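Step one of this worksheet: look at the structure below.
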Amino acid sequence: MRYMMIVLLEFYPSWLALPREERRKHAGALQATIQKYREHVQVRFFDAEALPGKDYTDFIVCETEDMKQYHYMWEEIRDSEPYTKGYMKIKDVVMGMENAFQSYESEILQMEQ
């Protein structure tokens, strides 16, 4: 089954107070972490700060069929400097399963697609 998570993030003013070069260094390290999991988790990053939104500045869309690898990726991100130094926080996660009703119908109810 394919899962999609929309991870709402908030980057704090302390992040913006860092020189852009330092932010790029941290962002590069986060990208390297995400790349380690790219075989199992597809990730897209969106900046939402200048658009209507409540309590978040950015969001990440993750898709996976392997929740364990998704979890491991976020554990590693939570161990990173941007997270541990309080520059960012996960505000909320919206999660869904792609066509889950069809899986239920075919696997449990034995209905043809």
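Tabulated data for the structure shown
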| quantity | calculated |
| --- | --- |
| Residue under evaluation residue 32, criteria (1) small (Gly, Ala, Ser); (2) open to solvent by 30 Å² or more (accessible area, probe 1.4 Å); (3) touching an Asp or Glu at 6+ places or on another chain (Cβ under 9 Å), criterion not met | (3) |
| Any helices (runs of 4 or more DSSP H) falling wholly within segment 1-85 and containing at least 3 residues that are charged (D, E, K, R) | 20-36, 67-78 |
| Test result for residue 27, at pLDDT 95 or above and exposed (fewer than 11 other Cβ atoms within 10 Å of the Cβ) | no |
| For residue 97: the one exception among (1) over 15 Å from residue 2 (Cβ atoms); (2) in contact (Cβ under 8 Å) with a residue 24 or more places away in the chain; (3) not acidic (Asp, Glu) | (1) |
| Residue that is nearest to residue 7 (Cα to Cα), among those in segment 22-76 that are in contact with a helix residue (DSSP H, G or I) (Cβ under 6 Å, 6 or more places away or on another chain) and of a type in the set (A, V, I, L, M) | 43 |
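Yes/no matrix, rows are residues, columns are (1) within 11 Å of the chain's Cα centre (by Cα); (2) among the aliphatic types (A, V, I, L, M); (3) modelled with pLDDT of 95 or more:
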residue	(1), (2), (3)
34	yes, yes, yes
42	yes, no, yes
54	no, no, no
61	yes, yes, yes
65	no, no, yes
68	no, no, yes
76	no, no, yes
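For every residue, the table says whether it meets (1) under 19 Å from residue 47 (Cβ atoms); (2) open to solvent by 80 Å² or more (accessible area, probe 1.4 Å).
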residue	(1), (2)
59	yes, no
64	no, no
67	no, no
77	yes, no
82	yes, no
86	no, no
101	no, yes
107	no, yes
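The values are calculated or read from the model by the stated rules, or taken from the named source; none is laboratory data. These figures come from a predicted structure and were not determined experimentally. Reconstructed Cβ throughout: ideal geometry from the backbone, glycine too, with neighbour counts over all protein chains shown. Heavy atoms of the whole protein, side chains included, go into the accessibility calculation; ligands, DNA and RNA do not. Shrake-Rupley method; radii C 1.70, N 1.55, O 1.52, S 1.80 Å.
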